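None of the figures in this text is laboratory data; all of them are computed from the coordinates on show. Quantities reported herein were computed from a predicted structural model and do not represent experimental measurements. Cβ sites come from the backbone with ideal geometry, for glycine too, and all protein chains shown count toward neighbours.
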């Protein structure tokens, strides 16, 4: 007799894998358990005037723990207590970080937005006093200054960083260990020390007065380790089979590198440059010591003080008047926007034209 | 057998990686325009040996070499011989298909010219003949400008063969060219090998006994026993090696008793 097999598929139990999706019910309860205790604690502070630390330890923590354990018990039974605690802690702490990050960005946008105008972006600050109304003057000279100073550093740093990465990945050089240690040490270099060094060497010694190029010079040691290490990683990710393929076709090593390895690592190298730029575009201390600050547009990085966005922000927040603080917030927002534009355009430009298989 | 000429001859080839002696006194002569298979268990040095035929083993910094490899009676390890020039005459196809991901199909075929800094009068014709010889032309003729990675694994491997052929090598080395391919693609590659055989000397490393029997005129059996360096146990016509092996170890290996 033929045996009849039941072919109805059996649903895989939801708990089959530790990475299985949590049920919506559990997520809802856990989210409530993360938010409600914090809200209750804040409410208690508002109503009774309780001390913040007291509220944290007497109201918030016990409530949170009990709520988390309850969520675990309702959904999974007694063995769910630890699960409930961990999930609630994860949701609470990660939303805490997001709130912090979001509030930083939001405070820059909300405070800086009112300062933004065509004149603020395109005009320079010549003839402007700290208390001058925001209708006049702007950060145009600082935007140009920042771009020039950072651009000049980038022009010098990228070939240096690339050469370092090539030495570390493509050659059999004997000093690799020393170079790596030096790069690591360099990435821990405080930016103010770099600025001070350049100041002492070129400005205090009388070789030059404040000038844009000294600022660029001070930024190079800050940018180089990032560019070199990220480029090294990008080159290392290119499969050795590709290099071998090129060499087996009779390519000299340098052609194999330029025509095969480099294009394959292109997007990683763009990332390296971006991270390098991002590392230095907000640097204030080395620029205060080397390029100083200027209110006039100066397009010659080899002569005279040069304005830049971070030094502009630094100066105007120090004046302490309402108008000047407003200008500082505006400058902060301009830095954020500038970085965003740089990142997006570099990402778009480096998009590889080859598509993966469908 | 007496009227055979030999394109490529290995004489007393020895290889070391650091202190470790991995190949000892390998003497093999590869007859012109025939296919020679190198078989043997993993780690017996056959892949290392095939790399000594175009000096690719030198890319491993600790590699040491002694012996001679004669390509048309000229020692490719001789004084003043540039390994880069050697590789122009001895093409190589690897285990894993490795088309250049940033290039199109057509650019991949021409990449050898570009990489070696050569010029060619008629690129279009070269692309077509190379792809035809690698029997992939009909599959790609309408999309020569598509990225090479849009091809299937088997097509990528034949593209790599076409890329080597475009350089007009006298000898083609293949290091387990089918080990990453499915049976259908393997058959296509084997057909390609048989079509190429009358016009070039082919050396192929394979783990697949049937493959060796299907494509090879001669077969060499490599073995490395008890930590001793790898060496050639038996070398002869494929039929003889598989059906009447002289050495009992060859018999055990080809009949699947070990390896």
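Observations, loosely collected:
- Inter-part distance where segment A:111-140 and segment A:271-314 are each reduced to a Cα centre, Å: 18 Å
- Springs join every pair of Cα atoms under 10 Å in this Gaussian network model of chain B, and among B:216, B:134, B:237 the largest mean-square fluctuation is at B:237.
- Cβ-to-Cβ counts within 10 Å put B:186, A:297, B:52 in ascending order as A:297, B:186, B:52, the fewest first.
- Crossing angle, helix B:153-165 versus chain B [Cα axis fit, 0-90 degrees, rounded to tens]: 90 degrees
- Pairwise Cα separations in segment A:124-221 fall into 5 Å bins from 0 onward with the following percentages, short to long: 2, 11, 14, 15, 15, 15, 11, 7, 4, 3, 2, 1, 0.
- Once the Cα atoms are used to define both axes, helix B:183-196 deviates from the longest principal axis of chain B by about 90 degrees.
- Helix B:105-116 axis, angle to chain B major axis (alpha carbon atoms, nearest 10°): 70 degrees
- Residue A:109-residue B:82 FRET efficiency (beta carbon distance; Förster radius 45 Å; 0.05 resolution): 0.15
- Solution diffusion estimate, µm²/s, Stokes-Einstein, segment A:24-113, Kirkwood Rh from C-alpha pairs, 10 °C, viscosity 1.306 mPa s: 111 µm²/s
- Residues residue A:253 and residue B:239, FRET efficiency given R0 of 41 Å [Cβ-Cβ distance, rounded to 0.05]: 0.45
- Reference-scaled alpha-carbon Rg (2.2 N^0.38 Å with N residues) for chain B: 1.00
- Each 20 Å bin from zero holds the following percent of Cα-Cα pairs in the protein assembly as shown: 15, 30, 30, 21, 4, 0.
- Over segment A:140-350, the ratio between the Cα radius of gyration and 2.2 N^0.38 Å evaluates to 1.16.
- Residue-span extension gain [residue A:178 to residue A:348] - 0.36 nm each, minus C-alpha spacing: 57.6 nm
- Residues B:232, A:75, sorted so that the one with the fewest Cβ neighbours within 10 Å comes first: A:75, B:232
- Taking the centroid of alpha carbons for each part, segment B:135-186 and segment B:218-259 are 30 Å apart.
- Share of alpha-carbon pairs per 10 Å distance bin for chain A, given as whole %: 5, 16, 18, 18, 20, 15, 5, 2, 1, 0, 0
- Proportion of all alpha-carbon pairs of segment A:287-347 beyond 18 Å (%): 46 percent
- Residue among A:295, A:322, A:51 with the largest mean-square fluctuation in a Gaussian network model of chain A, springs linking Cα atoms under 10 Å: A:51
- Only helices enter the 222 nm calculation for chain A: every DSSP H run of n ≥ 4 contributes -39,500 (n - 2.57), and dividing by all residues gives -21500 deg cm²/dmol, rounded to 500.
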